[in-house]
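**Student:** Got a structure for you, written out below as C-alpha cells; questions coming shortly.
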Amino acid sequence: MVRVTLLSYTMPLIGNDPRRLVVLGVKVSSGKLHERDWKHYLTTYPEHDVHQHVVSASKYPTLFEHIVFTFLIEDISRVCSHQLVRHRIASYVQESQRYSEGYVKRVIECLEHYGYKKLEEALNALNQDHSNVMNCLERGFVFPRTIRSNTIALKGYVEQLLKAVYIYRDLVSKGVPLEDSRYVLPQAVKTRIMMTVNLRELIHIACLRMRMEAQWEIREVVRQMIEEVKRVVPEIEELVNRMCSNKV
Ligand SMILES: Cc1cc2nc3c(=O)[nH]c(=O)nc-3n(C[C@H](O)[C@H](O)[C@H](O)COP(=O)(O)OP(=O)(O)OC[C@H]3O[C@@H](n4cnc5c(N)ncnc54)[C@H](O)[C@@H]3O)c2cc1C
C-alpha cells in the first residue's frame, strides 16, 4: 500500500511556523514593515490573524510558493510514478532500475526462500496454496483492487507477474545489465520517489489528482500528502477547496 512521509518543510529561522512566511509576504506587499519589525510577524503576531491571512491568500497563490515540502513516497507502482513526475514544477529523485534491482530483488529473495527455483515450481505452488506466492509478489508489485477482487483476473495477473520475475532473474543471471533486464518488468512494479514541491504547486496537483476522474493510486498518494501537510498547514483542505473551485 502507498506510503507517504513528510520529510521536511520550510522553517523560518525565528518562530516555528512556516505559515507566517505567507503573513510576512502579505505585510511586505502592503508596506506594513514600515510600522512593525518583520520578527513580529514571524513570532508574536496573533494566531487568529495568521489563520485569516493564510485562508485569504488563496486569492494570491504566489504567496504559497514560499513554503516548500519534501516527501518520501514508497510502494507506488511505476504506473503511478509516471503520472506524478508529469508535474514538472516539483523536483524528484526516483529509485534507479539501472543500479538496483529494488523491489524485484525482494520478490526474488522471497520466492527463493520458499524454494521456488523455477517458474513451474512457483506456478505449482500457486495452484495448491497461493498465500506464499502472493506474499512474495506483494513485496514488489501493486495489486489493484479491481484485479484482487476478481478471481479469474487475479490468476492471470499473478501468472504474468511470475513470468516477468523469472525471465528478469534469468536475464540478470546471464549477464544482461539491469538497465536492459528491466525491459521485461511490468508497470505494476513498485518504486520509491522523493519529491520536493512548494505549497502552491501542491494545491494545484491536489486540484487535478484528487478529483474522481484521476487514477486511484495517484489520488491516494496526493490524499496522503495533504494529510501529512495538515500537521504544518491545518488550513490545507480549505485552501484546496477554495483554489480548486476557481480552477475547474
Ligand atoms: C485526470 C487526468 C488525466 C490525464 N490523462 C493524461 C493522458 O491521457 N495523457 C497525458 O499525456 N497526460 C495526461 N494527464 C497529465 C496532464 O496532461 C498533465 O501532464 C499533468 O496534469 C500536469 O499538468 P500541469 O499543467 O499541472 O503541470 P506541468 O506540466 O508541470 O506544468 C505546470 C504549469 O507550468 C506551466 N507550464 C509548464 N510547461 C509549460 C509550457 N511548455 N508552456 C507554457 N506553460 C507551461 C503551466 O502554467 C502549467 O500549469 C492527465 C492528468 C489528469 C489530472
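**Student:** Let me understand the range 40-147 better: what is its radius of gyration from the alpha carbons, and its Dmax, in angstrom?
**Tutor:** Rg, Dmax (Cα atoms, Å): 23.3, 70.
**Student:** Would you mind computing the Rg to Rh ratio of the chain from its alpha-carbon coordinates, Kirkwood style for Rh?
**Tutor:** Rounded to two decimals, Rg/Rh equals 1.12.
**Student:** Quick one: how many lysine pairs does the chain have with C-alpha atoms less than 26 Å apart and a gap of 8 or more or different chains? Give me the count, please.
**Tutor:** 28
**Student:** Hydropathy first: keep DSSP H helices in the chain averaging at least 0.0 on Kyte-Doolittle, then drop any whose Cα extent along the axis falls short of 27 Å, and list what survives.
**Tutor:** Those that clear 27 Å and a mean of 0.0 are 151-173.
**Student:** For the range 102-184, would you read off the P(r) tail past 16 Å as a percentage of all alpha carbon pairs?
**Tutor:** 49 percent
**Student:** Another question, then. Could you size up the charge dipole of the range 102-184 around its Cα centre, putting +1 on the beta carbon of Lys and Arg and -1 on that of Asp and Glu, and report it in debye to the nearest 20?
**Tutor:** 180 debye
**Student:** Separate question: Okay, which of the range 10-34 sit inside 18 Å, backbone N to the point 7 Å along the Cα-Cβ direction of residue 242?
**Tutor:** 18-30
**Student:** How do the peptides 238-244, 13-19 rank, highest first, by the average count of neighbouring beta carbon atoms within 10 Å per residue?
**Tutor:** The peptides rank, most packed first, as 238-244, 13-19.
**Student:** Accessible area per residue, 1.4 Å probe, Å², for the range 38-154: what's the number?
**Tutor:** Averaged over the residues of the range 38-154, the accessible area is 57 Å².
**Student:** Could you tell me what percent of the accessible area of the chain is made up of carbon and sulfur, with a 1.4 Å probe and every protein chain present?
**Tutor:** Carbon with sulfur: 52 percent of the solvent-accessible area.
The values are calculated or read from the model by the stated rules, or taken from the named source; none is laboratory data. Model, not experiment: these values are computed from the prediction. With ideal geometry, Cβ positions are generated from the backbone for all residues, glycine too; neighbour counts draw on all protein chains shown. Areas reflect the complete protein model, heavy atoms only, side chains present, ligands, DNA and RNA absent. Shrake-Rupley method; radii C 1.70, N 1.55, O 1.52, S 1.80 Å.
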